[in-house]
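Read-outs: derived from the displayed coordinates by stated rules, not from any lab. From a predicted model like this one, the values you see are computed outputs, not experimental measurements. No Cβ is skipped: glycine too gets one built from the backbone with ideal geometry, and neighbour counts run over all protein chains shown.
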Amino acid sequence: MSDTLYVQLLDLACGAFLLAGVLVLWRRDLVAIVRLFAFQGAALGVLVAVLGVHESDAEVVGLAVAVGSLRAVVLPWLLRRALAAGGGGREAEPLVNVAASLVVAALLALLAYAVTRPVVALDPSPAAHAVPVALTVVLVGFFVLVTRRRALSQVVGFLLVDNGITAVAFLTTSGVPLIVEGGVSLDVLLAVLVLHLLTARIRAAFGDTDLDDLRELRD
């Protein structure tokens with residue numbers, strides 16, 4: 001792979017990765033949010049594959065297939081099952097409206113670029129220059145966790161954070177050992193399964209997973 005093609009593919013994968021995270025803030029339909037997460041998982045798999053092919057590292061390419069399969073297929077399938085069990089639905093009015101959320105996303109991107117300037121300065125490689133994109137996704141994921149009211153939306157926020165951390169790891173280390181990524185992926189899968197069971201039990205007991213309604217029941 002030529003350096004020019006490598007940079008173009010890396011930029012394309014990073015752009016799709018970031019766009020999916022930002023669009024989660026824009027959409028309120030839970031089905032669309034799950035689709036965006038699946039799209040981001042596929043973009044993350046492509047990003048890792050580009051790094052692996054450029055480094056001629058078969059292990060990283062294999063990890064790309066595993067990462068893409070888990071985050072673009074398996075985890076979205078579990079989220080769709082949880083959504084289907086609850087009859088679908090839309091996100092309640094978030095704590096921060098869509099317009100303000102997009103403005104916050106832009107500010108988080110600026111913060112990510114400011115924080116990672118020393119990292120980029122130490123390593124002039126294209127992968128290092130993409131680290132701010134991955135950190136932006138981490139911050140956006142935290143913002144989704146804080147501002148969304150439906151349990152499923154908050155699960156997606158948690159998974160956005162994990163996707164961003166995974167991207168940072170690959171971009172800064174040129175590959176994560178297979179056993180490490182495997183262990184982290186299994187932890188994430190287990191966490192999603194537990195959250196799926198918890199949301200199912202909450203829905204069975206209270207009829208909804210809107211956290212504001214649950215707080216009213218407590219009060």
- Please compute the net charge surrounding Ala16, taking Lys and Arg as +1 and Asp and Glu as -1 over other residues with Cβ under 14 Å from its Cβ. +1
- Note on the structure: Quick P(r) readout (region 2-135; Cα-Cα; 5 Å bins; whole %) gives 2, 10, 15, 18, 19, 15, 11, 6, 3, 1, 0
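Peptides 119-125, 149-155, 132-138, 24-30: what's the order by average Cβ count within 10 Å, highest mean first?
In decreasing order of mean packing, 119-125, 149-155, 132-138, 24-30 become 132-138, 149-155, 24-30, 119-125.
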- By per-residue mean of other Cβ atoms within 10 Å, what is the highest-first order of 8-14, 46-52? 46-52, 8-14
